[in-house]
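All remarks here apply to the structure that follows.
The values are calculated or read from the model by the stated rules, or taken from the named source; none is laboratory data. Fair warning: this is a prediction, and the values are worked out from it, not measured in the lab. Methodologically, a virtual Cβ is constructed for each residue, glycine included, from the backbone with ideal geometry; neighbour enumeration extends over all protein chains shown.
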């Protein structure tokens, strides 16, 4: 009688300071772009889950917002989402920027993880930017404060070390039935993915001109008879001046944002996308409960 290999399934939360590379790592491990990436801190605002199949294992990778000192209601909701993602997971991956080392924010995260008494793996990221001699002392410094059952050194940007991490996660998740169809990529609805891709282009193209708190909400997502999709999205800013910057002279800036986002969405959804953007001014939107809930955050 032939023995069947048991299926495995488990949640793995990626936690760390802003700009540690959590979203880049999620995308690299999953092999597809699920979480937006920009050089700005706090790009990820809510829990994003990637569904990764590796043999008979289903790894549910949870990318959490970077943990920082919150100032606004939006900030507090983002940090709460990060810790909730960790508490709900079977395994926590502490991602540390090897170049930055143990910053004050990373130090605070280590302190809290040490008190949580959960299994933690340490992953040093951006090793391609660091002299190898610096890595072992950094690992020792962290393990003096926090017991990490496994340690990996990776570059989420180049892919170095990621395959070894992926294989280890597949073996580590607990035995059990798969919770999602094996061909699913994420639990995020298409409407939210579309809004995030637009927000990524805003962050990449406006740099410091428009504040980070700009948000995007999908107003409608319509399947068309020819197989394409029409997406109408609202871009919300808090000041009239920011609205003018986003629109640009003769609408040039918002057209370019839309064009680049459309290309990304076409690749993501594997079909033609018709994207229409509207820029709105709404003061203090990030302090309003309904807008936080629209982002999938608890107030």
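Structure values in brief
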item	result
Within the range 156-201, tally of residues that are in contact (Cβ under 8 Å) with a residue 60 or more places away in the chain and either within 20 Å of the chain's Cα centre (by Cα) or part of a helix (DSSP H, G or I) (or both)	27
Count - residues of the range 225-260 that are without any contact (Cβ under 8 Å) to a residue 24 or more places away in the chain, in a helix (DSSP H, G or I) and over 10 Å from residue 279 (Cα atoms)	7
Qualifying residue in the range 98-115 (condition: in contact (Cβ under 8 Å) with a residue 12 or more places away in the chain and either under 22 Å from residue 10 (Cα atoms) or not assigned by TED's automatic domain parsing to the domain that holds residue 63 (or both))	yes
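Residue-by-condition table, conditions (1) assigned by TED's automatic domain parsing to the domain that holds residue 91; (2) under 21 Å from residue 92 (Cβ atoms); (3) surrounded by 13 or more Cβ atoms within 10 Å (Cβ to Cβ):
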position	(1), (2), (3)
161	yes, yes, yes
165	yes, yes, yes
183	no, no, no
195	no, no, yes
199	no, no, yes
